[in-house]
Every structure is written in C-alpha cells, then in structure tokens.
Amino acid sequence: MSAKIIDGNAIARLVRAEWRERVRALHEAGVTPGLAVIVVGDNPASHVYVRHKTRACADLGMHSEKHEFRDDAAEHEVVRRIAQLNADARIHGILVQLPLPPHFDARRVLEAIHVEKDVDGFNLYNVGALVAGQTVFPPCTPFGVLCMLEYSRIPIAGQNVVVVGASNIVGKPMAMMLMKRDATVSICHVKTRDLAQYTILADILVVAAGKPDLITAPMVRTGAVVIDVGINRLPDGRLVGDVDFEGVKAKASHITPVPGGVGPMTVTMLLVNTIQAAERHAGLAVRAASDLVPGFA
C-alpha cells in the first residue's frame, strides 16, 4: 500500500478561502485585522517563518507589522513594546517568534501579551482554559493538525492516538485537544523507554520531537495515520521531518509531507485566531473553533 498524502498547502488554501469572507465582513465594518510579529535576533529560520506569516496576512487583506530587535536587546525593551502593542487598537494579535535568545525569560515575555491578543495561545490563561476545554485561542500547530484530520475525513473519537514529543507548544496541547475529541491519548517523550511499543499501537501517530528519522516503518502500525510536525534541516540543506517518509508512506494509510504538511496549517490557524480577535474587538459574531473543527470546542 502507499499512503494518501495529506496536502497541507491545499487544505490551507481551502481554510483561507472560507475565512477571507470574514475579513471582508470586517472591512465593511471599518476594521482591518492586524497582526504584530516580534522577532529578536538573526535566526534565519525565524525570519523565514515571519515572511510566510506576513505574506499570508497580505493575501487575506490583513494588516501586519514586524518589530525587530537585536540579539543583545534587553528583555524589558521587548516587554515594553508588547505593552505598546497591547494598547494599539489597530493590532488584534501579537506573536513573539520563538526561540528567544538565552538571556530572555520566554515565559515572562509571552505572559506580557494580553490574553485577548494572544493569537499563538501561549498565555497561561489560554493554557489553563485549554485544559478546561474553553480556550480563547487554540494553539496554532495543534489546531492546524485537527483541521487536517477533519478535512481529510479521518475520525478521531475512540481512536488510539500517540503523540511523540511533550513540548508546551505542540505535544501537551495536542494531547489535550485530541482528548477533547474523545481520543485515547498516550504521550511519549525523551525519557520514554522502548518508544516503538507505544507507536505501533497508534491509529493516529503525531510526531513532534525534532529528531530526523526518529520514526521508521517497523514502528508504525499498518494503516495508521501519521502526522509529522517535525522540521529539521540536514547538513546538505534538505528539510525533513521526524518520520522516515519514504519508508513509512508504504505502510501508513495517510501521511503528511515535510515541507508542505503541517507548516502551512500552522500559519493559517494563526490568521484564523487573529481574525477572531478582530471580530471580538469589533463586536461582531465570532465564528467559533467548533465551526471549523466540529467537536473541538
């Protein structure tokens, strides 16, 4: 068998087409959704991601701003800029591009973002609300994964799901969001012994560990759905995920490529969250996450 490729670019285009209508409605109400992105340092990957985000905003008719700081910038400078953006009525969403330089307390910086503008979903209020199933802004990457499963008509309720990677950005929120959809979820991490004994049981395997070729074909159940969130640059310049794509696609029923899989969906869900923030600001009816991903909220 050969797995069906879950095309993140194609699904992202479908989602953006739907939400473009919401942007038009906001324009008619005199509001242009605005996103501010803060970048600290010269990390090449960060600047690539930011370019993708600003291009996507322009494509949907949204306003975007990039606020750049040097590597040696003081943390209080960035926090002060966030305070200014919190008070700026033109800005509905604020994103701090991670990673931050080592001398920054990333949690303190992220907590400076007002909860109503926390479109990345990293504020402690949003994290706590996610546990309770009432999050204001779903974290963008897990939200994108759920959309991919939904658009691909892959059932989640009652499925055995294994999430490899327990980060606060992807692994943990992914597990909570899947449990909200009535999946049975196991989380594996760097201390997990015999990883394969867990992954082989997964109906849906979500991998976000940041290690190339961590998951090979013998570790995957025949017919499983494999979502590769990882993105790694090899010494020869190639971008690859955490999954041995060629080996696993011969065994899985569905698989996401890298690049062109989860990445475009992460950017798209950032736009969705920003549009929702603008709708709240304008007093318009907000399209709930459950409208886009049934059963989520």
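FYI, it's all coordinate maths here, none of it is from the lab. Quick caveat: nothing in here was measured; it's all calculated off a predicted structure. Cβ sites come from the backbone with ideal geometry, for glycine too, and all protein chains shown count toward neighbours.
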Exercise. Specify the residue with the greatest mean-square fluctuation among 48, 207, 225, computed from a Gaussian network of the chain linking alpha-carbon atoms under 10 Å apart.
Key: 48
Practice problem: Filter the cross-link list 4/117; 180/251; 4/191; 117/172 down to pairs whose alpha-carbon distance in this structure exceeds 26 Å. | Solution: 4/117; 180/251; 4/191
Quiz item: How much net charge surrounds residue 3 when only other residues with a Cβ under 10 Å from its Cβ are counted (Lys, Arg +1; Asp, Glu -1)?
Solution: +3
Practice problem: Working from Cα positions, state the angle (0 to 90°, nearest 10) between the long axis of helix 140-151 and the longest principal axis of the chain. | Solution: 60
Exercise. Please report, in whole Å, how far the alpha carbons of region 140-262 spread along each principal axis, starting with the longest.
Key: 41, 29, 28
Quiz item: Using the C-alpha atoms of region 27-128, what convex hull volume per residue, in cubic angstrom, is computed?
Solution: 95
Quiz prompt | Cα-based helix-to-principal-axis angle, 171-180 vs the chain, degrees rounded to 10 | solution = 80
Quiz item: Calculated FRET efficiency, residue 83 and residue 18, Cβ-Cβ r, R0 25 Å, to nearest 0.05?
Solution: 0.15
Practice problem: Taking only Cα atoms and a 10 Å spring cutoff, compute GNM fluctuations for the chain and point out the largest among 175, 183, 45. | Solution: 45
Quiz item: Using a basic spin-label model with each label point 7 Å from the Cα along Cα→Cβ, how many nm lie between residue 115 and residue 52?
Solution: 3.0
Exercise. Describe numerically, in nm with one decimal, the distance between label points set 7 Å from Cα along Cα→Cβ at residue 167 and at residue 27.
Key: 3.5
Exercise. Could you check the simple spin-label distance between residue 105 and residue 216, using points 7 Å along Cα→Cβ, in nm with one decimal?
Key: 4.4
Quiz prompt | Nearest-20 debye value, the chain charge dipole, Cβ charges on Lys, Arg, Asp, Glu | solution = 360
Exercise. Assign one of three labels to the chain, namely rounded, prolate or oblate, based on the Cα gyration tensor with a ≥ b ≥ c the square roots of its eigenvalues; rounded applies when a/c is under 1.5, prolate when it is not and a/b is larger than b/c, and oblate otherwise.
Key: prolate
Quiz item: Rounded to the nearest 500 deg cm²/dmol, what is the calculated helix-only ellipticity per residue at 222 nm for the chain, with -39500 (n - 2.57) per DSSP H run of length n ≥ 4?
Solution: -12500 deg cm²/dmol
Quiz item: Within the chain, what percent of beta bridges assigned by DSSP are antiparallel, to the nearest 5?
Solution: 5
